1. Suppose the filter is crowded, with 19+ Cβ neighbours inside 10 Å, farther than 22 Å from Val245 by Cα and modelled with pLDDT under 85; does Pro8 pass it?
2. Output the residue which, of all residues in the range 139-162 that are within 21 Å of the chain's Cα centre (by Cα) and free of Cβ contacts under 8 Å to residues at least 60 places away in the same chain, is nearest to Leu129 (Cα to Cα).
3. Could you look through the range 153-200, keep only residues that are polar (S, T, N, Q) and crowded, with 19+ Cβ neighbours inside 10 Å, and pick out the one that is nearest to Leu224 (Cα to Cα)?
4. Taking interchain pairs and intrachain pairs at least six residues apart, which have beta carbon atoms under 6 angstrom, with the first residue in the range 67-94 and under 24 Å from Arg20 (Cβ atoms) and part of a helix (DSSP H, G or I) and the second modelled with pLDDT under 90 and of a type in the set (A, V, I, L, M)?
5. Quick one: in the range 100-123, of everything that is small (Gly, Ala, Ser) and more than 18 Å from Leu142 (Cα to Cα), which residue is farthest from the chain's Cα centre (by Cα)?
6. Do you know which of the residues in the range 137-152 that are of a type outside the set (Val, Ile, Thr) and crowded, with 17+ Cβ neighbours inside 10 Å is farthest from Asp63 (Cα to Cα)?
7. Please work out which one of (1) in contact with a Gly (Cβ under 7 Å, 6 or more places away or on another chain); (2) surrounded by 22 or more Cβ atoms within 10 Å (Cβ to Cβ); (3) at pLDDT 85 or above; (4) not in a strand (DSSP E or B) is the condition Tyr258 fails and give its number.
8. With surrounded by fewer than 16 Cβ atoms within 10 Å (Cβ to Cβ), of a type in the set (D, E, K, R) and modelled with pLDDT under 90 as the only criterion, which of Glu91, Glu43, Glu78 stands out?
Amino acid sequence: MTDQYDDPGEQLLPRLRAWRRHNIHIGLSPRISPFWRGLLYREPRGAIAGYARLFDTALLHCDCRRPPDPALLSRMNEHAGEGFAWTLLIEDEQMVYRFPYGHPDRKKRGEVNPHFLDPRRIAETFMPLLPLLEPSVRIVMLKIGGVGRTEALDFGGFLRALLRCLDGLPPAYRYAVENGTSRFILPEYLACLRQRNIIHVPAPAPLLDAVLVPGALGAAACVLRTACLAMEEEGEEWAAFHETVRLCLGDEKPLYAYLTDGEETALPGARPGTGVRRLTRLLAGLDCELARRSPIKRKAA
């Protein structure tokens, strides 16, 4: 008799494997969330191994205020197994132009950050973690906070700071940038990223508009972060995910798509398994696209 805990994963696994064959890699943030316990894994100790049974990639959040434990990273990498892909998301003080007024350090509250996009501090803080995840690190992603319209930093100054940062990071890794200032996402900005083979990550909101910006998916690979599992289906987040998959398939580019999981998925009235069912329906919405690319269909054509 099939174990009830295995059913959700058994429904997902064939679809996830089918998309991997087309270089579409789908994952979650692998934090140990009660919402997935009993669905993707049975206990925290086996969480990553259970997760990696279904998914082949995951997004790891890194912040110096809550630095990840090196021993834990090593164990996670070991349990994930061969062929797994980590994307490291750096969301740290170096990523904000002005410190928030609620900053824990009173001296920094509301002040301009003198170390905004400082590559030396990023390298010193986060690069020592990467060997712990080898050989599975695929992408290092910088999440840059928004710059207010009244700030002295204009587009030219921002672009110079960003390029100086990217050029100062170790060249051994592939980098991606999520830019929180939509008015700075101009053709010149996207062209500079393409020249360096840096991935532009569309900002989460409004995601569909960000995906459809000409040249937004211009690098050799694509990364998408979306809260579509926390949204009702057929909304803009679902449409943005579907459109990104189609664009990457058409351009034959690998896509690493990370979907919101955990408590955000537990909407009022949601029952256990809602996240798995929504993910299954999300992928089912692309079944026609997948069928068109099957070897049999291509041969018949």
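The values are calculated or read from the model by the stated rules, or taken from the named source; none is laboratory data. A quick note: this is a predicted structure, and the numbers were derived from the prediction, not measured. Every residue, glycine as well, gets a Cβ built from its backbone with ideal geometry; the counts of neighbours run over all protein chains shown.
1. Values: crowded, with 19+ Cβ neighbours inside 10 Å: yes; farther than 22 Å from Val245 by Cα: yes; modelled with pLDDT under 85: yes.
It is true that Pro8 is crowded, with 19+ Cβ neighbours inside 10 Å, farther than 22 Å from Val245 by Cα and modelled with pLDDT under 85.
2. Initially, the range 139-162 is screened for residues within 21 Å of the chain's Cα centre (by Cα), giving 139-146, 162.
If we keep only those that are free of Cβ contacts under 8 Å to residues at least 60 places away in the same chain as well, we get 140, 142-146, 162.
Details: Val140: 11, Leu142: 15, Lys143: 17, Ile144: 20, Gly145: 22, Gly146: 26, Leu162: 22 Å.
Among those residues, the one meeting the criterion is Val140.
3. First, the residues of the range 153-200 that are polar (S, T, N, Q): 179, 181-182, 195, 197.
Retained after the next criterion (residues that are crowded, with 19+ Cβ neighbours inside 10 Å): 179, 181.
Values: Asn179: 13, Thr181: 17 Å.
The qualifying residue nearest to Leu224 (Cα to Cα) is Asn179.
4. Met76/Ile48; His79/Ile48; His79/Ala49; Ala80/Ile48; Ala80/Ala52
5. Step one: filter the range 100-123 for residues small (Gly, Ala, Ser), giving 102, 110, 123.
Right, trim to more than 18 Å from Leu142 (Cα to Cα) and you get 102, 110.
On the way: Gly102: 26, Gly110: 29 Å.
Filtering the range 100-123 for residues that are small (Gly, Ala, Ser) and more than 18 Å from Leu142 (Cα to Cα), the one farthest from the chain's Cα centre (by Cα) comes out as Gly110.
6. Looking only at the range 137-152, we keep the residues that are of a type outside the set (Val, Ile, Thr), and these are 138, 141-143, 145-146, 148-149, 151-152.
Imposing the further condition that a residue be crowded, with 17+ Cβ neighbours inside 10 Å reduces the set to 138, 141-143, 145.
Details: Arg138: 19, Met141: 12, Leu142: 11, Lys143: 11, Gly145: 13 Å.
Restricting to residues being of a type outside the set (Val, Ile, Thr) and crowded, with 17+ Cβ neighbours inside 10 Å, the top hit is Arg138.
7. Evaluating Tyr258 over (1) in contact with a Gly (Cβ under 7 Å, 6 or more places away or on another chain); (2) surrounded by 22 or more Cβ atoms within 10 Å (Cβ to Cβ); (3) at pLDDT 85 or above; (4) not in a strand (DSSP E or B) leaves (4) as the failure.
8. Numbers: Glu91 fails: surrounded by fewer than 16 Cβ atoms within 10 Å (Cβ to Cβ); Glu78 fails: modelled with pLDDT under 90.
Checking each option against the conditions leaves just Glu43.
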